[in-house]
Amino acid sequence: MHSIRVSSQKMSFSAAHFVVGVDYCESLHGHNYTVEAIVTGPLDDNGMVLDFRDVKKQVVNVCGHLDHKVLLPENSKTITIVDTDISYDVNIGGKRYVFPKEDCMLLPFPATTAELIAEYIAGELQVQSDYSVKVCVSESLGSTGCYDAKVSQ
């Protein structure tokens, strides 16, 4: 099986988040995330798995939706998010934050870890059935979370 590995300066976004651990609650902080995608599948008639440009365009589009947002975990057991008309009222570890809705991105996960952000991005990519997609999201050099998925549509 063949693969393509796609990365680009444009496959990045800046966002804020916090993570709750077993015995700690991080303060709100941000990262300049970078994204890499690997797509595995059969070669087409042109000898390509997919056109690099098409994959980059998709990833850049998803990154655009995450860029300059506060990433909030919709399904957290420890972070409470109340949806008001114009804002999200967030309670975490004894702290209360109020964020304008347009500055936030709710993610359908229990946490906003690099691993789960990678899963979100992989789920947003449109590739042919029976292809495998792996997405890696780096918070910083040496701190990367990945998600590997077999795509079936």
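Coordinate-derived values only; no laboratory data. All values reported here derive from a predicted model rather than from experimental measurement. Here the Cβ is made from the backbone with ideal geometry for all residues, glycine too, and neighbour counts use every protein chain on show.
List of remarks:
- Principal-axis tilt of helix 114-124 within the chain, Cα atoms, nearest 10 degrees: 60
- Applying the criteria of a DSSP loop state and at most 11 other Cβ atoms within 10 Å to the chymotrypsin sites (Phe, Trp or Tyr not before Pro) of the range 1-69 yields Tyr24.
- Viscosity 1.002 mPa s, temperature 20 °C, Stokes-Einstein D of the chain from Kirkwood C-alpha radius, µm²/s: 130
- When every Cα-Cα distance of the range 94-153 is counted in 5 angstrom steps from zero, the calculated P(r) takes the values 4, 16, 20, 19, 16, 13, 6, 3, 2, 0 percent.
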